[in-house]
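Trainee: Okay, handing you the structure first.
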Amino acid sequence: MSSAGIRCIYNLARRRAAAMSAPHYPQSLPQSVELTPVDANQSDTNLKYLLEQVLQKLRDEPNRWFPSTLENELVEMLDKSVTVERAYAQSVYAFLVKQRLRMTSEENSKVIDVPSYCCYSSSSYSSSSTSTLVNEVVPRSDGGYDLCCPVSSSHLMRRLVVPTVMRAALHQLMRDVLYCLERAGISCWAISGTLLGAVRHNSIIPWDDDVDFAIAASDEGKLREAFGYPHTNSKNSDLVLEYVPLFGYKVYSSALPPPSWDAGNNSCMHFGYFLDIFLMEEQQERLVFARDEARRTWPNEWWYREELFPLNSVRFSYTSPSEDSELMLPVAHSPHSHLRRLYGETCMEEAVIPCELHGRLLSHPLHIPMSLFDGL
């Protein structure tokens, strides 16, 4: 597949997006690529036709939140081309995801103003006629803010925490995927925010909206077979595997649509329920992401073999530890040094909510001392 062909496909996608009145298209195409129409050679014609089919299917199925088989085939075909960079395929992938999300939900992009909670009126959420000013946050010297009241009584945190029913749905998706991987003989382990939640909270981080697993790149074939990839309409399972050029795969459930939101909700579940599966391989005595772009995007996400293996299992719930909501989650043998490398030396003493997380926007980073967690 030539670079000219990729540009042709990308521009065709942009034109189709405009025809569908799409307000956004991915901005991650390399600057060196001119967004101007180009002629495609004969070998590009099939890809153009495939993209036309993909976009037509999006129009025909406006409420579908998971990929079609055609989308998987198109994105992987672009990604496996030996003549172009992976960033091109990721751009087309991002475009297709945004089209699905545009049709299934309205993304709330309003920025939550953290400083406005420095002197917050308690009457806003109280039936009492009296009003008192409550300092929920205080400024830090590094430009962020510290929460200074218990999490359960913070009006700001009420806007940020994912509702329990949604965390329960995400937890069930984890359970289903773990069962599928175990049945296929695939070892996996929690990484990133999922690992941090397991070690620090024994549960999903209350404001997190996805799950991150890793598997050995050598198990990729077994993974695809277990989920029936590239097909996404299996009668035997609700689980759908999606090809992601950047790092590996995502898993959706065709039985678990994105949550519906009222206009005032600012949680980060705009992208629905999904689980990321990262491919890892061993290089120079370290376990690293198998995809080059993933290593560049998350340069500190690597493991020494003795940190990772042998894998351990911990009890993991969707809220504060509860026996009736637990599963056994595979984690690293010795995760603390890895977590400090990834999130900083104080990651076990304080939590940090970044300015942007999957569509939810904060005006400033919010730091939460773990001593203020009193159950969610």
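The numbers here are math on the coordinates, done by the rules we state, and not lab data. What you are looking at is a predicted structure, and each value in this text was computed from that prediction instead of being measured. Reconstructed Cβ throughout: ideal geometry from the backbone, glycine too, with neighbour counts over all protein chains shown.
Trainee: Read phi for every residue in segment 237-249 and hand back ³J(HN,Hα) as whole Hz from Karplus 6.51 cos²θ - 1.76 cosθ + 1.60, θ = phi - 60°, with x for Gly and Pro.
Mentor: 8, 7, 6, 10, 9, 10, 7, 10, x, 5, 9, x, 8
Trainee: If packing is taken as the average count of other Cβ atoms within 10 Å, what order do 217-226, 292-301, 173-182 fall into, highest mean first?
Mentor: Averaged packing, sorted descending, gives the order 173-182, 217-226, 292-301.
Trainee: Let me ask you something else. What is the spin-label model distance, in nm, from residue 355 to residue 312 if the labels are put 7 Å beyond Cα along the C-beta direction?
Mentor: 3.6
Trainee: Taking H as built 1.01 Å from N, whose amide H comes closer than 5 Å to the amide H of residue 203, not counting residues under 5 places away?
Mentor: Sorted by chain and number, the residues that satisfy this are 198, 317.
Trainee: Please work out the FRET efficiency for the pair residue 135 and residue 340, using the Cβ-Cβ distance as r and a Förster radius of 30 Å; give the result to the nearest 0.05.
Mentor: Details: r = 30 Å, r/R0 = 1.01.
Efficiency at R0 = 30 Å is approximately 0.50.
Trainee: Whole percent per 5 Å bin, from 0 to the bin with the longest distance: what is P(r) over all C-alpha pairs of segment 153-372?
Mentor: Final binned percentages: 1, 6, 14, 19, 20, 18, 12, 6, 2, 0.
Trainee: Right, something else. Report the label-to-label distance for residue 146 and residue 168 in nanometres (one decimal), using points 7 Å from each Cα along the Cα→Cβ vector.
Mentor: 3.6
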